[in-house]
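Here is the structure we will look at, set down as structure tokens.
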Amino acid sequence: MKPLPKWIIPLAALVIGIGIVAAIIFLPRLFAAPPKMTITLTDDLTLPPLTGPFPVGRTTVHMVNEDQPALPRTDAPREWVVTLFYPARPDADATPGPYADDALKTAYTAQMLTDDSAGALDHLHAHAFLDALAERGPFPVLLFSPGGGEQPLFYTALLEQVSSFGYIVVAVPEPFDTPVIPLPDGRVLTSDQMTAWCEQDEICTNAPKEGEAGMQAMMDQMKDNRAKDMQFTLDQLARLNREHPILTGVLDLERVGVFGHSFGGASAVRVAQLDARVDALAVLDSDIFLVIPEESAPLSQPVLHLTTANIDVTPEEQAEIAQRNELAVAYLRQHTPYYLLQIAGTTHQSIQTDAMFLAPYISIAGEPVTLFASDTTPDRLTEVLTTYVIAFFEQHLKGVTQPLLTGPSEQYPEVTITSNP
């Protein structure tokens, strides 16, 4: 979850111009460390049970792109670690692994949490079995891109649930933007290194003084970098499908989807624009980042476009968000089928499922956080979000018709949906 003051989300929604939005969201990450979070969780908390037909396994794979430097003025390669969730066949006596492995938990706690939060993540529990034997596949592959400055870890409830319905879900962090990425040799990439990247990158260095155009150029470059990482990951998955000790033969690379939240959703759009291997795209509340050049060709993939209600912003800010939504809709709906959803009772950070469950225990600089409305619950919103994401990929990667996507549902009255089939 993003350790920024409570006011950052309302300000980010104040879409006067993309330069202002970009400056508010990105410049603090580029030039200053954000304040640390406090998490006071001391009792065990388990994420919602999985409802798909498969238990879920979890493993990690180190990615190294020798053709792309980590920093503009170095020869060191760009590298990151992906987390894969997959349908599994755990041993009968197996128990789920920890929410976060030791290296990730230690690095994240040191980098992002206050001293009195030590041990908090030990009390959060998920359902994946570490390095369990994979179920016989093949299964469709979904690439996931997290929000800017976000740890993929805190989307675990979403990613595990999707995987339990028969998908290989690959969470792809962005080096230097993700808070921490522990590497197998003991090194840890951190978001502190974003400053070093910006100092060495001409576009980033010039962005503040070039106004709106400069900020947009910086954001476009960051989206391109994420897109390249996801494309490289997709390339490497073919190798894993041939020789990985757990995943050999279980990845169906003829059925590929991408999805992402916030800046990750905008980056997923960029992947869909660039890569014909992508068959379906889900964009989760990314509108303020979806500035698409007018000359861009329409997408060729089906699109699920989910927006939140932004209950934590003022009416004036909501009007600005609605205006930005209209621009995103105008581009995304050019190809059919297209589904536009909004979930009542949500904030921008509600997509980060685990953050909702932790919200009662979180404070930043002594201030609590609001991630969902008082008349709903994290369990309910997680159910709604995952149900619609799964339905979309079931229909467009597996060919299983989903009546849920055709219009309003009595089961989910908090969802407003329009479709352009």
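Listed by position, the helices (runs of 4 or more DSSP H) enclosed by the range 194-270 that each have at least 1 residues that are touching a Leu at 6+ places or on another chain (Cβ under 7 Å) and polar (S, T, N, Q) are 194-200, 211-243. Here Thr353 meets each of (1) of a type in the set (S, T, N, Q); (2) modelled with pLDDT of 90 or more; (3) more than 19 Å from the chain's Cα centre (by Cα) with one exception, condition (3). For the range 309-353, a residue qualifies if it is surrounded by 17 or more Cβ atoms within 10 Å (Cβ to Cβ), among the acidic types (Asp, Glu) and out of contact with any Pro (no Cβ under 8 Å at 6 or more places or on another chain), and exactly one does: Glu320. For residues that are within 22 Å of the chain's Cα centre (by Cα) and under 21 Å from Thr314 (Cβ atoms), tally how many sit in the range 358-399. Summing the residues that are within 22 Å of the chain's Cα centre (by Cα) and under 21 Å from Thr314 (Cβ atoms) in the range 358-399 gives 7. Evaluate the following for Ser363: is it polar (S, T, N, Q), farther than 26 Å from Lys223 by Cα and either crowded, with 20+ Cβ neighbours inside 10 Å or in contact with a Ser or Thr (Cβ under 7 Å, 6 or more places away or on another chain) (or both)? So Ser363 passes the test. Search the range 378-421 for residues being modelled with pLDDT under 95 and touching a helix residue (DSSP H, G or I) at 6+ places or on another chain (Cβ under 9 Å), and hand back the single one that is surrounded by the fewest Cβ atoms within 10 Å (Cβ to Cβ). Among those residues, the one meeting the criterion is Pro421.
What about Asp116, is it of a type in the set (Asp, Glu), surrounded by fewer than 18 Cβ atoms within 10 Å (Cβ to Cβ) and closer than 30 Å to Ser363 by Cβ?
Values: of a type in the set (Asp, Glu): yes; surrounded by fewer than 18 Cβ atoms within 10 Å (Cβ to Cβ): yes; closer than 30 Å to Ser363 by Cβ: yes.
Yes, satisfied.
Do we have Phe289 as closer than 25 Å to Asp67 by Cβ, of a type in the set (A, V, I, L, M, F, W, C), modelled with pLDDT under 95 and surrounded by 22 or more Cβ atoms within 10 Å (Cβ to Cβ) here? The answer is no for Phe289.
Test Gln323 against the stated conditions and say whether it is modelled with pLDDT under 90 and among the polar types (S, T, N, Q).
Working: modelled with pLDDT under 90: yes; among the polar types (S, T, N, Q): yes.
Answer is yes for this residue.
Taking the range 120-155 as the range and being under 10 Å from the mean Cα position of the chain (by Cα) and not in a loop (DSSP other than H, G, I, E, B) as the test, the residues that pass are Leu143, Phe144, Ser145, Pro152, Leu153, Phe154, Tyr155.
The values are calculated or read from the model by the stated rules, or taken from the named source; none is laboratory data. Quantities reported herein were computed from a predicted structural model and do not represent experimental measurements. For neighbour counting, all protein chains shown are included, and Cβ atoms are generated from backbone atoms with ideal geometry for every residue, glycine included.
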